[in-house]
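See below for the structure under consideration.
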Amino acid sequence: MSQAAYQPSMLDLTDAAPSLGPLAGELRRHRLSRGAWVDHLPGWVRGSDQVLDTLLRDVPWRAERRTMYDAEVDVPRLLCWYAGGRELPHPVLTDAREALTRHYAPELGEPFVTAGMCLYRTGRDSVAWHGDTLGRSAHTDTMVAIVSFGSPRPLLLRPRGGGASLRFPLGHGDLIVMGGSCQRTWEHAIPKSARPVGPRVSVQFRPAGVA
């Protein structure tokens, strides 16, 4: 399968070890409808291309098949799940989870525990409109924090039931946090791209019992 070469960000070219920028005073909150909100911070992880290299090389990616409309189809991305207590593949991800827990403790009231990972190999990989409503997020306000590595891909959000969508370009160490009622009252998606794009890895931090 042909794949576009990944082009690193000019702002991310560094020999220093990957590190995190500050959260306080840098995150921009977007208030949505029905008690939902989104926080966005471009370039939170510095040296993110080094993290991407590790994720592409060391994560035990797996392909899945799911039943849709009475047929089994390939999931158009590769997946890996890190349960609480499992060592993450790069130390900056552990630092990120701890920093997010500290920053959001007054609102969330519990730590981020798990890390789900998705590998979008090319523009043909995608995820359809959905909310993360398996578990407690089906009935309780919570948070899902996503850190993106690699080629930028847009994250789209729209109100559940229809409405105008919002667009957040994510890549190169960007952070987005979906909070409040976002998983129940809004949906999000990564659409396919006709342009040649390189790999992108999405790391999703969640509290226990949220999937």
Please state the shape class of region 28-111: rounded when a/c is under 1.5, otherwise prolate if a/b exceeds b/c and oblate if not, all from the C-alpha gyration tensor. oblate
Of all trypsin sites (Lys or Arg not before Pro) in region 62-130, the ones in DSSP coil with at most 12 other Cβ atoms within 10 Å are R86
Rounded to the nearest whole number, the per residue volume of the convex hull around the C-alpha atoms of the chain in Å³ is 134 Å³
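By how many nm would the segment from K192 to E72 lengthen if fully extended, with 0.36 nm per residue of separation less the alpha-carbon distance? Don't skip to the end; give the middle numbers.
On the way: separation 120, 0.36 × 120 = 43.20 nm, distance 1.98 nm.
41.2 nm is the gain from fully extending K192 to E72.
Where a number appears in this text, it was derived from the coordinates with a stated rule and is not lab data. Nothing here was measured: the structure is a model prediction, and the numbers come from that model. Here Cβ is always computed from backbone atoms with ideal geometry, including for glycine, and neighbour counts include all displayed protein chains.
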